[in-house]
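> What follows is a single structure, and I will ask about it in a moment.
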Amino acid sequence: MAQEKKHEKNTIGQKLSRLRKREKISLEELSEKTGLMKSHLEKIEEGIDFAPVGDILKISRALAIDPDLLLQSRPKSAKEKERMRVEDFKRREASYLYDVLTPGAKSKHLRAFRVSIPARSEHPKIHYQHEGEEFVYVLSGEVIITVGQKTHHLKKDDSLHFNSGIKHSLRNPGKRETKLIVTVYTP
């Protein structure tokens with residue numbers, strides 16, 4: 001029982017350590033970005049210190065991740081991931097702004113779409129944060145893509161590849177419709 005409690009206690013710390021290392025951010029850098037003491041961050045990772053929600057939000061912002069990645073109590077099963085992938089595909093397929101370029105890819109990991117964004121408008125939310133990667137290529141017009149805290153202004157023939165696990169949004173600041181090729185990979 002005590003071992004089970006210790007494992008529960010370490011879950012956030014283990015996830016934090018894994019995500020921090022994946023992003024190649026040292027404890028010192030994370031401390032600077034969050035304003036939290038390095039020793040406190042070390043203790044969270046070791047499962048010794050408790051991480052209040054405010055700290056989790058600071059850490060998530062610094063790592064440009066959804067706080068849910070740290071707070072989620074159990075990993076999604078393969079069946080849950082498959083269901084989410086199919087639902088996401090159906091939402092995109094039903095949207096008038098999407099032309100499916102990979103028909104029959106509902107349950108596949110890689111899907112491609114031609115996306116239209118009307119002039120001076122934000123792309124309607126389908127899923128602005130999902131596991132995996134996204135690649136965007138601008139066919140015509142321009143688009144502002146915000147990924148975490150970073151903004152990218154793309155024009156015709158520009159492209160962007162990013163971690164779609166980071167909150168992102170698309171907006172057309174131009175006077176005419178924007179057309180994009182968007183390729184989404186979800187594990």
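> Quick check on segment 31-41: of everything there that is in a loop (DSSP other than H, G, I, E, B) and of a type in the set (A, V, I, L, M, F, W, C), which residue is surrounded by the fewest Cβ atoms within 10 Å (Cβ to Cβ)?
The extreme case among them is MET37.
> How many residues are surrounded by fewer than 15 Cβ atoms within 10 Å (Cβ to Cβ), modelled with pLDDT of 80 or more and under 16 Å from GLY165 (Cα atoms) when one looks only at segment 47-69?
The qualifying residues number 1.
> Kindly establish whether SER164 is touching a His at 6+ places or on another chain (Cβ under 6 Å) and small (Gly, Ala, Ser).
For SER164, the condition - touching a His at 6+ places or on another chain (Cβ under 6 Å) and small (Gly, Ala, Ser) - is met.
> Could you pull out every one of the strands (runs of 3 or more DSSP E) wholly within segment 126-178 that has 2 or more residues that are farther than 18 Å from LEU19 by Cβ and in contact with a Leu (Cβ under 8 Å, 6 or more places away or on another chain)?
Once the strands (runs of 3 or more DSSP E) in segment 126-178 are filtered for at least 2 residues that are farther than 18 Å from LEU19 by Cβ and in contact with a Leu (Cβ under 8 Å, 6 or more places away or on another chain), what remains is 133-140, 142-147, 150-155.
> List the pairs whose first member sits in segment 1-25 and is at pLDDT below 50, whose second member is crowded, with 16+ Cβ neighbours inside 10 Å and in a helix (DSSP H, G or I), and whose Cβ atoms are under 9 Å apart, counting only residues at least 6 apart or on separate chains?
If the second residue must be crowded, with 16+ Cβ neighbours inside 10 Å and in a helix (DSSP H, G or I), the pairs left are ASN10/GLU45.
> Follow-up question, since we're still on this one. Kindly indicate the residue of segment 128-162 that is free of Cβ contacts under 8 Å to residues at least 40 places away in the same chain and either among the polar types (S, T, N, Q) or closer than 24 Å to GLU87 by Cα (or both) and also surrounded by the most Cβ atoms within 10 Å (Cβ to Cβ) among those meeting that condition.
ILE145
> Residue by residue through segment 42-72, note down the ones that are closer than 11 Å to GLY13 by Cα, assigned to a helix (DSSP H, G or I) and more than 14 Å from the chain's Cα centre (by Cα). Walk me through it before giving the result.
Applying the first criterion (closer than 11 Å to GLY13 by Cα) to segment 42-72 yields 42-51, 56, 70-71.
Okay, now just the ones that are also assigned to a helix (DSSP H, G or I), so 42-46, 56, 70-71.
Hits for segment 42-72 are GLU42, LYS43, ILE44, GLU45, GLU46, ILE56, LEU71.
> Test each condition in (1) surrounded by 17 or more Cβ atoms within 10 Å (Cβ to Cβ); (2) not in a strand (DSSP E or B) for SER107 and report the one that comes out false.
So the condition that SER107 fails would be (1).
> I've got another one for you. May I ask you to list the residues in segment 105-140 that are among the hydrophobic types (A, V, I, L, M, F, W, C) and modelled with pLDDT of 80 or more?
Looking only at segment 105-140, we keep the residues that are among the hydrophobic types (A, V, I, L, M, F, W, C), and these are 105, 110, 112-113, 115, 117, 119, 126, 135-136, 138-139.
Those that are among the hydrophobic types (A, V, I, L, M, F, W, C) and modelled with pLDDT of 80 or more: LEU110, ALA112, PHE113, VAL115, ILE117, ALA119, PHE135, VAL136, VAL138, LEU139.
The values are calculated or read from the model by the stated rules, or taken from the named source; none is laboratory data. Please read these numbers as outputs of a predicted model, since none were measured by experiment. Every residue, glycine among them, receives a Cβ derived from its backbone with ideal geometry; neighbour counts consider all protein chains shown.
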